[in-house]
1. In segment 19-63, how many are touching a residue at least 12 places away in the same chain (Cβ under 8 Å), within 17 Å of the chain's Cα centre (by Cα) and either surrounded by fewer than 13 Cβ atoms within 10 Å (Cβ to Cβ) or assigned to a helix (DSSP H, G or I) (or both)?
2. Looking only at segment 79-93, decide whether some residue is of a type in the set (D, E, K, R), surrounded by fewer than 17 Cβ atoms within 10 Å (Cβ to Cβ) and part of a loop (DSSP other than H, G, I, E, B).
3. Among (1) small (G, A, S); (2) within 17 Å of L133 (Cα to Cα); (3) modelled with pLDDT of 95 or more, there is one condition S54 misses while meeting the rest; what is its number?
4. At pLDDT 75 or above and basic (K, R): does that describe R125?
5. Go over the candidates S141, S66, S70 one by one and state the one that is at pLDDT 95 or above, among the small types (G, A, S), in contact with a Pro (Cβ under 8 Å, 6 or more places away or on another chain) and not in a helix (DSSP H, G or I).
Amino acid sequence: MPCATRSLTVAANTASLRAVLEFTRTGARESSLPQDRIGELDLLIEEIFMNVCSHAYPDGQPGVVSLTYSVPASGELRVEVADQGAEFNPLTEAPPDLTMNLESRPVGGLGILLIKALAPSIEYRRDRDWNRLTFGMSAGS
């Protein structure tokens with residue numbers, strides 16, 4: 001069942017979101033992830049991709065996002081999202097204080113909380129000038 005690694009590189013802008021989602025859904029289907037996990041994958045990818053589009057390349061500079069997936073076994077999908085933007089490790093960010101009322105809470109942080117909740121096996125590394133965020137999803141978790 002394992003498949004070859006597949007990659008897609010797109011412009012880091014919102015117009016690329018549809019292609020990115022279709023690409024990762026293809027991987028999800030190849031890995032036989034159930035529909036509810038595909039929905040979670042969509043949320044993860046959208047959050048990660050939109051954050052790269054919004055924050056990785058300052059002052060509207062053009063940039064790219066490279067996505068790679070592999071299917072190590074049936075029911076398993078491994079995805080990497082990489083960019084050459086500003087160095088940023090989302091896994092070291094402090095979680096938002098959810099006890100604060102909404103009006104007092106600073107903006108940001110909820111996306112990272114969502115990412116960590118939906119992808120418990122997530123890793124970040126800086127490799128040459130690339131941010132690389134890699135996570136795994138499986139049919140059962």
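1. 26
2. Within segment 79-93, one or more residues are of a type in the set (D, E, K, R), surrounded by fewer than 17 Cβ atoms within 10 Å (Cβ to Cβ) and part of a loop (DSSP other than H, G, I, E, B).
3. (3)
4. So R125 passes the test.
5. Within the list S141, S66, S70, the selection yields S70.
The values are calculated or read from the model by the stated rules, or taken from the named source; none is laboratory data. A quick note: this is a predicted structure, and the numbers were derived from the prediction, not measured. Cβ atoms come from the backbone with ideal geometry, glycine included; neighbour counts cover every protein chain shown.
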